[in-house]
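Okay, structure first, notes after.
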Amino acid sequence: MAAVAVLVLLLFVGYGSRPVVFSGRGGPEFPHTSAGTAASVLTGSHAPFTDQRTTLAGGTKIGMTTYRGKKSGFTGKVWVWAPPQYYDPKYAKSAFPVLIALPGSYGYPYNYWIRGDLGLQEDVARWTAQGSSLPFIIVMPVMNPGPHYHDCSDIPGQQKMGAWMTSDVPDLVRANFRTFKDRDGWAFMGSSSGGFCALKSVLQHPETFKAAIVSGPDIVPDSSLWRGHLKEKQANNPQALAQRLIDRHGPEVYLAFQVGTRESRGEMAKVKQFIAGYGHGPVRTRLQVIADGGHDGLSYLRGMGQGSMKWISDHLRAPTPAA
């Protein structure tokens, strides 16, 4: 498997007439130290930052870095955006919640949530200002090592994409940003195959992640690479993972499903079937039906603004400004 060069970020935010330069690991004006026990202690080396796109949200930038995961051994692209509040002196010692945003299709060689025509970062900044979203650090990794579905899993004999997504990517973020130690500050969002990854990751690792926005998802693993590994495939099946969580009585997870009315009847039916079968006990669910919505990112963003984003935000930890 060819190693993929990855990039993370140089962020600039304007306050007053003077731009603040932030490398994503701490500059002289905003050291990465956090008050209280909820915030993680930054460890590890500096990631090399390269800015990619300036957003309309306070002049913040999306950037990327090359990262080789210690658990997976995979090297892949990770894009990161921090909200304007991250650079506000009032929050200089506060941790921030993290939203890992995943695309549909292969999620390779890039993550489409970085695109300006979708405007995820601008929407999150706007929703935060309106009080309907937390000011998330948005992390956008590649999802597969190439044009082959790995179902966000450690399929025997293949790249360990489950470890990449649920261990290595969070480790990179914890090492370079002020994040919360506990699961109350960690969530996923994803569409289609990315929705499957978001759903599976939260159900498989509820001790690390608490919530997900799951849009037009696959519900069961369907990679051709599972052939000959049925036991391992079932261990990565969201249905089995949800039942296991129910049987052991928690911890609670919050799954905000989204389906557009212009999607196939099969999309809506499989989501409703999952909610009916597993949406009880510690598996808390919500369904956002997106009127005239299709199987696409713009429709799913519209649904997030109509309620999904506020619902998961209400169950996650917010940053705390200085008194």
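Things to note:
- The range 251-278, residues that are at pLDDT below 95 and among the hydroxyl-bearing types (S, T, Y): S264
- The residue list V220, V253, V271, V259 contains one member that is in contact with a Phe, Trp or Tyr (Cβ under 7 Å, 6 or more places away or on another chain), under 21 Å from F188 (Cα atoms) and among the hydrophobic types (A, V, I, L, M, F, W, C), which is V271.
- Only one entry of S153, S201, S191 meets the criterion of being of a type in the set (S, T, N, Q), in contact with a Cys (Cβ under 7 Å, 6 or more places away or on another chain) and surrounded by 24 or more Cβ atoms within 10 Å (Cβ to Cβ), and that entry is S201.
- Residue check for R183: over 18 Å from D151 (Cα atoms), surrounded by fewer than 24 Cβ atoms within 10 Å (Cβ to Cβ) and of a type outside the set (A, V, I, L, M, F, W, C): yes
- Where helices (runs of 4 or more DSSP H) fall wholly inside the range 154-267, the ranges with 1 or more residues that are touching a residue at least 60 places away in the same chain (Cβ under 8 Å) are 169-176, 193-204, 230-234.
- Condition check for R286: among the basic types (K, R), touching a helix residue (DSSP H, G or I) at 6+ places or on another chain (Cβ under 9 Å) and over 13 Å from S133 (Cα atoms): yes
- Residue count for the range 64-75 under the criterion of being crowded, with 17+ Cβ neighbours inside 10 Å and either at pLDDT below 90 or assigned to a loop (DSSP other than H, G, I, E, B) (or both): the result is 4.
- Qualifying residue in the range 102-120 (condition: part of a strand (DSSP E or B), touching a residue at least 40 places away in the same chain (Cβ under 8 Å) and not hydroxyl-bearing (S, T, Y)): yes
- Single match in Q288, Q306 (criterion: touching a Phe, Trp or Tyr at 6+ places or on another chain (Cβ under 9 Å) and either among the polar types (S, T, N, Q) or in a helix (DSSP H, G or I) (or both)): Q288
- Subset of the range 105-127 that is touching a helix residue (DSSP H, G or I) at 6+ places or on another chain (Cβ under 7 Å) and at pLDDT 95 or above - its residue that is farthest from W79 (Cα to Cα): W127
- Residue in the range 182-189 that is among the basic types (K, R) and closer than 27 Å to M268 by Cα present: no
- Test: residue in the range 283-298 that is of a type in the set (V, I, T), farther than 26 Å from H205 by Cα and either out of contact with any strand residue (DSSP E or B) (no Cβ under 9 Å at 6 or more places or on another chain) or touching a residue at least 12 places away in the same chain (Cβ under 8 Å) (or both): yes
- Filter pass, A323 being more than 29 Å from I114 (Cβ to Cβ) and either loosely packed, with under 15 Cβ neighbours inside 10 Å or of a type in the set (S, T, Y) (or both): yes
- The set of residues from the range 246-289 being under 22 Å from G303 (Cα atoms) and charged (D, E, K, R) comprises R262, E263, R265, E267, K270, K272, R284, R286.
The values are calculated or read from the model by the stated rules, or taken from the named source; none is laboratory data. Nothing here was measured: the structure is a model prediction, and the numbers come from that model. Neighbour counts run over all protein chains shown; Cβ positions are idealised from the backbone, glycine included.
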